[in-house]
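Asker: Would you mind keeping the following structure in view while I ask a few things?
The values are calculated or read from the model by the stated rules, or taken from the named source; none is laboratory data. Keep in mind the model is a prediction, meaning the values are calculated, not measured. Every residue, glycine as well, gets a Cβ built from its backbone with ideal geometry; the counts of neighbours run over all protein chains shown. Only protein heavy atoms, including side chains, enter the accessible area calculation; ligands, DNA and RNA are left aside. Shrake-Rupley method; radii C 1.70, N 1.55, O 1.52, S 1.80 Å.
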Amino acid sequence: MLKVLKFGGTSVGTLDRIRNVANIIKDIRDEGHDVIAVVSAMSGETNKLIEYAQSFSNNPTASEMDMLLSSGERVTSALLSITLNEQGYETTSMSGREAGIITDNVHTKARIESIDTSNMKKAISEGKIIVVAGFQGVTQDSKRVSTLGRGGSDLTAVAIAGAIKADVCEIYTDVDGIYTTDPRIEPKAKKLDKISYDEMLELASLGAKVLQNRSVEMAKKLNVNLVSRSSFTPEVEGTLITKEENIMEKPVVSGIALDKNQIRVGMYGVTDRPGIASTIFTALADAKINVDMIVQTVGVDGKTDLDFTIPTTDWEICKKVTETFKDETKKVDYNDKICKVSVVGVGMKSNTGVASKAFTALANENINIRIISTSEIKISMIVEEKYAELAVRALHDAYNLDK
Ligand code: ADP
Ligand code: ASP
Ligand code: MG
């Protein structure tokens, strides 16, 4: 079998941990499998590099940030390759460019356009273990190094697995699978044997950082056999992320997600004219800002109020965009003391009373809900950040997810 194995930041966080990862790879190799390992930077490294840049500039060029941030993954890929090599295994490390990963030109949030697998195929045919530096590629036009957004090594692994038609893509992290909610918040959370791509995509998009959302999207598109498991307990079977039809028993609610990295933006007293929402949200989209929950109140006296949420990382750029509407807006305010809690489950489609149960659970804890949005398979609520963990546990209880 050809296996793509991805090791996250904590799994390669120290030299001992890198040694541990080498042992996992050796075992799999010794069983006769071909291996492409994809590695993250050592934990904390990417944040440290961002802080370094910020000590010089509030607004460093995105392409320079990519040059900087991509270095973290390269360090681990080389170190892992060196240790495997020392133990008698033929290996080669590869940067994103060497692995053939071509992206668009949007630095720090690049999307993968294509993967030329020829280099990797050649190395495998020569019997080598490949160790790819995750999180990066090279831009199509200027051939500069690009990065794939936070958590992007997951995407590297899934995209490679899809392109090279690997038999499985195993994402090794510090928990042994996907749980009904973050087990660090709710110790009663239960591990799932399987979860559908769609539910996992919702959970990931709504804050469960155990898998990067774009990697799940890609896995679904390319039909990648995706497994989440632990590098600390590699003998434990993880969670399979798969097609909905492969899951026999579909619970109404599969999990609860929490996202603290959200800001509520309020634009008040906006001139109420046809096309105003389109103009504002087009400007935000052009600035590559991921706008999520949107509420527009009924216009009074030719004015309307808009409330929406954005990721904290887009705060600075969002300020620049809203500034361009200052003649049409009375006041803009930002609240970063909020969070988004979400209930996710494919079974919601065919069940009633799921939403009211969530609202009741939060009401019982005296938690006020600021914004609500729903889709076929999720309910999201904005609440004060100080209630984040309490809200998650209350919802987990309300749907009996520990049972
Ligand atoms: P890595 O560094 O390996 O990429 P991450 O820190 O990105 O790992 O993701 C793993 C973390 O995701 C876990 O430590 C856990 O706290 C968190 N997490 C959030 N939601 C879930 C969930 N539903 N199931 C499992 N882990 C979750
Ligand atoms: N090192 C990058 C990050 O911290 C990418 C990754 O770990 O997946 O976001
Ligand atoms: Mg991660």
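Asker: Which value, in debye to the nearest 20, describes the size of the charge dipole of the chain about its Cα centre when Lys and Arg Cβ atoms bear +1, Asp and Glu Cβ atoms bear -1, and nothing else is charged?
Answerer: Here the chain has a charge dipole of around 180 debye.
Asker: What accessible area per residue, rounded to a whole number of Å², is obtained for region 140-228 using a probe radius of 1.4 Å?
Answerer: Details: 3490 Å² over 89 residues.
Normalised by residue count, the accessible surface of region 140-228 is 39 Å².
Asker: What ranking, highest mean first, results for peptides 316-325, 31-40 when packing means the other Cβ atoms within 10 Å averaged over each residue?
Answerer: 31-40, 316-325
Asker: Would you work out which of M348, T242, T309 lies farthest towards the positive end of the dipole of the chain, given +1 charges on the beta-carbon of Lys and Arg and -1 on that of Asp and Glu, about the Cα centre?
Answerer: T309
Asker: I'd like the Karplus ³J(HN,Hα) series for region 278-288: coefficients 6.51, -1.76, 1.60, θ = phi - 60°, whole numbers in Hz, and an x wherever there's a Gly or Pro.
Answerer: 4, 4, 5, 6, 5, 4, 5, 5, 4, 7, 6
Asker: Just to be sure I understand the model, the point goes 7 Å from the Cα along the line to the Cβ. What's the resulting D116 to F359 distance in nm?
Answerer: 5.6 nm
Asker: Please list, ordered by chain and number, the residues whose modelled amide H lies under 5 Å from the amide H of S230; skip anything fewer than 5 residues away on the same chain.
Answerer: T173
Asker: Which entries in K288/K357; K48/K288; K48/K331 show an alpha-carbon gap greater than 30 Å?
Answerer: K288/K357; K48/K331
Asker: Just going by the charge dipole of region 1-132, with Lys and Arg at +1 and Asp and Glu at -1 on Cβ, which of N20, S93, M67 is farthest out on the positive end?
Answerer: Of the listed residues, the answer is N20.
Asker: For region 246-315, with every protein chain kept in place, what is the accessible area per residue (1.4 Å probe, Å²)?
Answerer: Per residue, region 246-315 has an accessible area of 49 Å².
Asker: Quote the FRET efficiency, to the nearest 0.05, computed for M248 versus F281 with a Förster distance R0 of 51 Å and r equal to the Cβ-Cβ distance. List each step's numbers first, then the result.
Answerer: Numbers: r = 41 Å, r/R0 = 0.80.
Approximately 0.80, to the nearest 0.05.
Asker: Assuming 0.36 nm per residue, please report the length gained on full extension of the stretch T312 to E64 beyond their Cα-Cα distance.
Answerer: 87.2 nm
Asker: I would also like to ask the following. Compute the acute angle (0 to 90°) between the alpha-carbon long axis of helix 15-30 and the principal axis of greatest extent of the alpha-carbon atoms of the chain; round to the nearest 10°.
Answerer: 60 degrees
Asker: Reachable aspartates and glutamates from K188, Cα under 12 Å, same-chain residues fewer than 8 places away excluded?
Answerer: Those aspartates and glutamates meeting the cut-off are D397, D402.
Asker: Gap in Å between the Cα centre of region 214-240 and the Cα centre of region 83-109?
Answerer: 20 Å
Asker: Next up: Assuming 0.36 nm per residue, please report the length gained on full extension of the stretch Y268 to D16 beyond their Cα-Cα distance.
Answerer: Result for the pair: 85.4 nm of gain on full extension.
Asker: Let me ask you something else. So which aspartates and glutamates pass the test for K349, namely a Cα distance under 18 Å, with those fewer than 8 places away in the same chain ruled out?
Answerer: Partners found: D198, E199, E202, E244, E245, E249, E376.
Asker: Now for a different question. Tell me which residues come under 5 Å, amide H to amide H, from N225 once H is placed; ignore anything under 5 positions away on its chain.
Answerer: Under 5 Å from the amide H of N225: C169.
Asker: To test your reading of the geometry: what angle, between 0 and 90 degrees and rounded to tens, separates the Cα axis of helix 213-222 from the longest principal axis of the chain?
Answerer: 60 degrees
Asker: Further question: Of all DSSP beta bridges located in the chain, what percent are antiparallel, nearest 5?
Answerer: Close to 60 percent.
Asker: So what does T360 come to for accessible area, using a 1.4 Å probe and Å² rounded to 10?
Answerer: Using a 1.4 Å probe on the heavy atoms, I get roughly 70 Å².
Asker: While we're on this one: Leaving out same-chain residues fewer than 8 places away, which lysines sit with a Cα under 24 Å from that of K26?
Answerer: Reachable lysines: K3, K6, K121, K122, K128, K165.
Asker: Report ³J(HN,Hα) in whole Hz for each residue of region 141-153, in order, from the Karplus equation J = 6.51 cos²θ - 1.76 cosθ + 1.60 where θ = phi - 60°; Gly and Pro get x.
Answerer: 7, 8, 6, 8, 5, 10, 10, 9, x, 4, x, x, 5
Asker: With a 1.4 Å probe and every protein chain left in place, tell me how much accessible area E90 has, in Å² to the nearest 10.
Answerer: We get 110 Å² for E90.
Asker: Then there is this: Given H placed 1.01 Å from N in the peptide plane, which residues other than close sequence neighbours of I371 have an amide H under 5 Å from its amide H?
Answerer: Close amide H contacts, sequence-distant or interchain: I382.
Asker: Subtract the Cα-Cα distance of L222 and K143 from 0.36 nm times their separation in residues, and report this length gain in nm to one decimal.
Answerer: Values: separation 79, 0.36 × 79 = 28.44 nm, distance 2.56 nm.
Working it through step by step, the gained length comes to 25.9 nm.
Asker: Taking Cα pairs under 8 Å and at least six residues apart, what relative contact order does the chain come out at, in percent? Can you show the working numbers first?
Answerer: Numbers: 882 pairs, mean separation 54.8, N = 403.
Relative contact order for the chain comes out at 14 percent.
Asker: Over region 166-255, what is the relative contact order in whole percent, taking alpha-carbon pairs under 8 Å and six or more residues apart?
Answerer: 41 percent
Asker: Given a 1.4 Å probe and every protein chain left where it sits, what share in percent of the accessible area of the chain is carbon and sulfur?
Answerer: 48 percent
Asker: Kindly write out, for region 299-306 in residue order, the coupling ³J(HN,Hα) from the Karplus curve 6.51 cos²θ - 1.76 cosθ + 1.60 (θ = phi - 60°), rounded to whole Hz, with x marking Gly and Pro.
Answerer: Once rounded to whole Hz, the list reads x, 10, 6, x, 10, 9, 10, 10.
Asker: Can you compute the charge dipole magnitude of region 358-400 about its Cα centre, using +1 on each Lys and Arg Cβ and -1 on each Asp and Glu Cβ, nothing else charged? Give it in debye, rounded to the nearest 20.
Answerer: 60 debye
Asker: Which number comes out as Rg/Rh for region 271-398 once both Rg and the Kirkwood Rh are worked out on C-alpha atoms?
Answerer: Computed over Cα atoms, the ratio is 1.02.
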